[in-house]
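One structure below.
The values are calculated or read from the model by the stated rules, or taken from the named source; none is laboratory data. Nothing here was measured: the structure is a model prediction, and the numbers come from that model. All Cβ positions, even for glycine, are placed from backbone atoms using ideal geometry, and neighbour counts span all protein chains on display. Accessible surface areas use protein heavy atoms only, side chains included; no ligands, DNA or RNA. Shrake-Rupley method; radii C 1.70, N 1.55, O 1.52, S 1.80 Å.
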Amino acid sequence: QQGSKYFSGNLTPTAGYFVADNLLIGTGVPLSLSQQRFTSYNTTKYTGTSAGLSPFVRYYIGKSSFKPYAGVSYSYAFTHNKYDLSSVFGTSLSGSGYSTSFIPTIGVAYFINRTVALNAGLAYTVSNSKSGYISLANNVPTIVDSKSESKYASLDIGFQIFFGK
């Protein structure tokens with residue numbers, strides 16, 4: 001049987017603290033896991049993990065329950081890729097790297113109460129990454145460093161829980 005099975009999950013728990021009226025600082029912990037199993041004549045498996053920190057600053061405008069905001073965040077994550085090629089080449093290979101993101105945002109938040117808000121915002125992300133990926137040039141598996149850059153806009157919708165003033 002030929003084909004592949006793929007799983008990917010991302011989680012970024014985030015906490016912020018109001019250090020002054022309407023000024024929030026905080027950090028997130030981006031975590032991710034990807035797994036892929038290829039089945040053809042032999043089975044190979046890929047596992048990718050990453051973990052990092054993403055501090056942010058956000059300023060809310062006004063005193064009503066609906067508050068526009070502007071903010072910026074920066075993210076740095078370590079990445080690790082592992083390739084189990086033992087059934088095909090009799091070896092396993094791994095590569096490490098990093099990813100960074102700079103993200104300015106604008107949006108609006110609806111404060112349900114003093115500590116919980118629903119938010120919707122526009123973000124513009126500039127990301128760079130370097131990681132070790134597998135190359136099968138000349139049918140010989142090796143790890144090569146690959147760099148990439150991406151820029152994109154997104155609409156983010158979610159909720160936040162706040163601590164502090």
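Protection proxy ranking for 135-141, 54-60, using the average of other Cβ atoms within 10 Å per residue and placing the highest first: 54-60, 135-141.
Restricting attention to region 1-143, lysine pairs at least eight places apart or on different chains and with alpha-carbon atoms under 19 angstrom apart total 4. The equivalent ellipsoid that matches the C-alpha gyration tensor of region 64-125 spans semi-axes of 43, 14, 9 angstrom, in descending order. One decimal place: the segment I143-N128 gains 3.5 nm when fully extended, by the rule 0.36 nm per residue minus the C-alpha distance.
The residues of region 9-165 expose on average 60 square angstrom of accessible surface per residue, using a 1.4 Å probe on protein heavy atoms. Gyration tensor over the Cα atoms of the chain: the corresponding equivalent ellipsoid has semi-axes (square roots of 5 times the eigenvalues, largest first) of 41, 15, 13 Å. For the chain, carbon and sulfur atoms together expose 60% of the accessible surface, with a 1.4 angstrom probe and every protein chain in place.
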